[in-house]
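These notes concern the structure reproduced below.
The values are calculated or read from the model by the stated rules, or taken from the named source; none is laboratory data. Just so you know, these numbers come straight off a predicted model, no measurement behind them. Quick reminder, even Gly has a Cβ in these numbers, built from the backbone with ideal geometry, and neighbours come from all protein chains shown. Surface areas here come from the heavy atoms of the whole protein model, side chains and all, with no ligands, DNA or RNA. Shrake-Rupley method; radii C 1.70, N 1.55, O 1.52, S 1.80 Å.
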Amino acid sequence: MAGIVNILLVIDAIVMIVLILLQSGKSEGLSGAISGGAEQLFGKQKARGADLVLHRGTVVTGVLFFVFAFLSAYIV
């Protein structure tokens, strides 16, 4: 059982890394981080289309990662 949970944890981590890397950046480099980063961080801009799917997938895989991590620690 512990081996299955650990394999699922590794697969989930790889999928989460891929989803994070596929997301588009929210600012335009360093100048966007200095001048307009706070506006986008606290603004009401919503993700649409593929960005929305990637965002929701990242949230789901993040939750699954913590669940598998807790299961892995509990089983061992």
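Remarks
- Candidate set from region 18-30 (those that are out of contact with any helix residue (DSSP H, G or I) (no Cβ under 9 Å at 6 or more places or on another chain) and open to solvent by 80 Å² or more (accessible area, probe 1.4 Å)); member that is modelled with the highest pLDDT: 21
- Look at region 12-26: where a residue is over 19 Å from residue 52 (Cβ atoms) and of a type in the set (Gly, Ala, Ser), no partner that is open to solvent by less than 100 Å² (accessible area, probe 1.4 Å) and in a loop (DSSP other than H, G, I, E, B) sits 6+ places away or on another chain with Cβ atoms under 9 Å.
- Evaluation of residue 70 against (1) open to solvent by less than 100 Å² (accessible area, probe 1.4 Å); (2) over 14 Å from the mean Cα position of the chain (by Cα); (3) modelled with pLDDT of 95 or more (one fails), failing number: (1)
- When every residue of region 55-66 is checked against the conditions, at least one turns out to be of a type in the set (Val, Ile, Thr), touching an Asp or Glu at 6+ places or on another chain (Cβ under 6 Å), open to solvent by less than 100 Å² (accessible area, probe 1.4 Å) and modelled with pLDDT of 90 or more.
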